[in-house]
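Written out below as structure tokens is the structure these notes cover.
The values are calculated or read from the model by the stated rules, or taken from the named source; none is laboratory data. Given the structure is predicted, the values throughout are model-derived calculations rather than measurements. Please note: Cβ atoms are built from the backbone with ideal geometry, for glycine as well, and neighbour counts cover all protein chains shown. Protein only, heavy atoms only, side chains kept; ligands, DNA and RNA dropped before computing areas. Shrake-Rupley method; radii C 1.70, N 1.55, O 1.52, S 1.80 Å.
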2 protein chains.
Amino acid sequence: MANGDEVSNKQIIFRDYISGFPKETDMILSTTGTISLKVPEGSDSILLKNLYLSCDPYMRARMTISDSYLPEFVPGSPISGFAVSEVLDSGNPNFKKGDYVWGFSGWEQYSLIDNPDPSSLIKIDYTDVSLSYFTGILGMPGLTAYAGFNKLASPKKGESVYVSAASGAVGQLVGQFAKLMGCYVVGSAGSKEKVDLLKNKFGFDDAFNYKEESDLTAALKRYFPKGIDIYFENVGGKMLEAVLQNMAVHGRITVCGMISQYNLEKPEGVHNLTQLVLKRVRMEGLNVSDHYHLYPEFMELMKQYFMDEKLVYVEDMVEGLENAPAALIGLFTGQNIGKQVVKVSHE
Amino acid sequence: MANGDEVSNKQIIFRDYISGFPKETDMILSTTGTISLKVPEGSDSILLKNLYLSCDPYMRARMTISDSYLPEFVPGSPISGFAVSEVLDSGNPNFKKGDYVWGFSGWEQYSLIDNPDPSSLIKIDYTDVSLSYFTGILGMPGLTAYAGFNKLASPKKGESVYVSAASGAVGQLVGQFAKLMGCYVVGSAGSKEKVDLLKNKFGFDDAFNYKEESDLTAALKRYFPKGIDIYFENVGGKMLEAVLQNMAVHGRITVCGMISQYNLEKPEGVHNLTQLVLKRVRMEGLNVSDHYHLYPEFMELMKQYFMDEKLVYVEDMVEGLENAPAALIGLFTGQNIGKQVVKVSHE
């Protein structure tokens, strides 16, 4: 019940730990909560109005108890994740009413954040684009693409680059970074519509629907007769096995994620890791949290690219907090076309 | 038949391509060949007397047709591999009679090498140790350990290092390099005798017999409660899977070889590569041929270490070319204690 100072605060509650594919019913819409829009007197908290929620594949890991680097969701509490939010009230010297920020928040209309960390809850000072972009191309997925491709993969002009899950939030940007660097880029995705996007909107040199390929190793051989110099790995399992077979000598693999594996009871085995030796391949796992120090240089670059109209961006926006569970689930069946965002409130 | 200028030249002939475990009968001792001990008039060849032959795990790959970086052995021709040899005659300005060299030669008493390449057939100018050391600690395996540990793995003082197949030619040196750098080092091997060597001769902090561990993941957790910073990979398969589960954040894996996999019809699958992302692990394949430019700096270091008596070395020497096939096969069942060498002739 709301008293005079409180307002209703709809939330998406995490039900309990799961195995296998997540379902919408693993998350519950709660309409009974209330929240004060003022931070407690004397606290260093901030009160956020959440505008856009980000749906990201890594969130699956938080639904299962594991030794992941991220804490698990708490059963009975709201889902948490990346969001773009407006500061409605602040007891913290680093934030003031009216600021827009991106970073971790809750899947709810309003979130009270205790002791907010300005290095991970980042003030938005660029407003030439939709604020929703800070859940994607200008936020965590954008920095992931930049750190994972431009830094970890050590790309050089003229190299051959393969991106899986290429129309997703990270993949679409990796492909564009690779083209801007003068690489040859091929992407794969799971539908004709996504493949068309890759070729006709994001400017990939070529693209294919992995679901139509009975032999992934042969498919990659067709697109990369001289081998793959850089693979941006979003998928894992059989796809990784096919890629390893097609790597060029001294190739690099940035392992950003393995979405095909997250919902399996037992992940697929990769049988040809001796290719790492034969081709002297470097394979490196990426977590964007190691690369936040790159965010200022990333933003400078991105502003210039936007000014020069060198980047395109596709997001898949659903309206309403109540539709967030379905949007998140959809990532794992490839429902989304581009970056999956949930609009909670108008700016 | 030998004419006046020719001598008998015993050879080990490669019979034919194989699958599965190699057998002694895949190699045939031929006693009928002859060779002239003079190079052909006007040629740039050299004539080598082979003194020591090196038995190395990578040689298994050359017994099967594949897309390996190395050419396959030629059925009906002698096995080839690393050796230490004496130059008996030379038509080449880079070599002269009486030189000792290490590099590729044939499994035979004498080899005629056309157009020898001084960057891969290397003159030996250090004679304070047995010439046989240039098949091991001062030759290809030594440089492999140096490039793979000191360079690729970016070790730092105080880090935790795990070496599999640790009493072998490369492993025993990696462990000693790690100790010299101030790391904590644990090795595994396949017998009590080898484990004793690791602990009591090579100075590993600890060691275990992997054959006595029913749960490798639990075993590694015992030795590395805080995780493995560097894994020097010689084994592959289930061992790699257990290591991945125990890697520390930002750990590095140098993939030197995967000896457990070479003789399998279908290599084992590794199911937990998502650990690469969770722990941000860098995994890199190593081929010593990429690192020959490091050989001079490596030799300077090694001479100093030998002078300061900071290194020990164990080789497993068999006498006689006719025993070379059994020695090579023995690598794959772990018969050898230390670096496996075949002595063909007296120096």
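With respect to the conditions (1) in a strand (DSSP E or B); (2) closer than 15 Å to B:Thr135 by Cβ, B:Met283 lacks only one, and its number is (2).
Per-residue answers, yes or no, for (1) of a type in the set (Phe, Trp, Tyr); (2) assigned to a loop (DSSP other than H, G, I, E, B); (3) free of Cβ contacts under 8 Å to residues at least 60 places away in the same chain; (4) buried (at least 19 other Cβ atoms within 10 Å of the Cβ):
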residue: B:Met59; (1), (2), (3), (4): no, no, no, yes
residue: B:Glu72; (1), (2), (3), (4): no, yes, yes, no
residue: B:Gly76; (1), (2), (3), (4): no, yes, no, no
residue: B:Gly81; (1), (2), (3), (4): no, no, yes, yes
residue: B:Val101; (1), (2), (3), (4): no, no, yes, yes
residue: B:Pro116; (1), (2), (3), (4): no, yes, no, yes
residue: B:Asp125; (1), (2), (3), (4): no, yes, yes, no
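Residues being surrounded by fewer than 18 Cβ atoms within 10 Å (Cβ to Cβ) and more than 7 Å from chain B (Cβ to nearest Cβ): count how many of those fall in the range A:263-281. Going through the range A:263-281 one residue at a time, the tally reaches 3. Of the residues making up the range B:282-296, just one is over 15 Å from B:Ser119 (Cβ atoms), of a type outside the set (Lys, Arg) and open to solvent by 20 Å² or more (accessible area, probe 1.4 Å), namely B:Glu284.
Scanning the range A:5-49 for residues that are assigned to a loop (DSSP other than H, G, I, E, B), under 24 Å from A:Pro71 (Cα atoms) and hydroxyl-bearing (Ser, Thr, Tyr) returns A:Tyr17, A:Ser19, A:Ser45. Against the test of being within 14 Å of chain B (Cβ to nearest Cβ) and closer than 21 Å to A:Ile137 by Cβ, the options A:Thr254, A:Thr217 yield a single qualifying residue, A:Thr254. Residues in the range B:19-39 that are surrounded by 13 or more Cβ atoms within 10 Å (Cβ to Cβ) and over 18 Å from B:Ala324 (Cα atoms): B:Thr34, B:Ile35, B:Ser36, B:Leu37, B:Lys38, B:Val39. Among the residues making up the range A:282-308, those that are under 21 Å from A:Tyr162 (Cα atoms) and at the interface with chain B (Cβ under 8 Å from one of its Cβ atoms) are A:Arg282, A:Met283, A:Glu284, A:Gly285, A:Leu286, A:Asn287.
Results for (1) free of Cβ contacts under 8 Å to residues at least 40 places away in the same chain; (2) of a type in the set (D, E, K, R); (3) in contact with a His (Cβ under 7 Å, 6 or more places away or on another chain); (4) in a loop (DSSP other than H, G, I, E, B), shown as yes or no for each residue.
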residue	(1), (2), (3), (4)
B:Gly251	yes, no, no, no
B:Asn263	no, no, no, yes
B:Pro267	yes, no, yes, yes
B:Asp290	no, yes, no, no
B:Tyr295	no, no, no, no
B:Lys303	no, yes, no, no
B:Leu311	no, no, no, yes
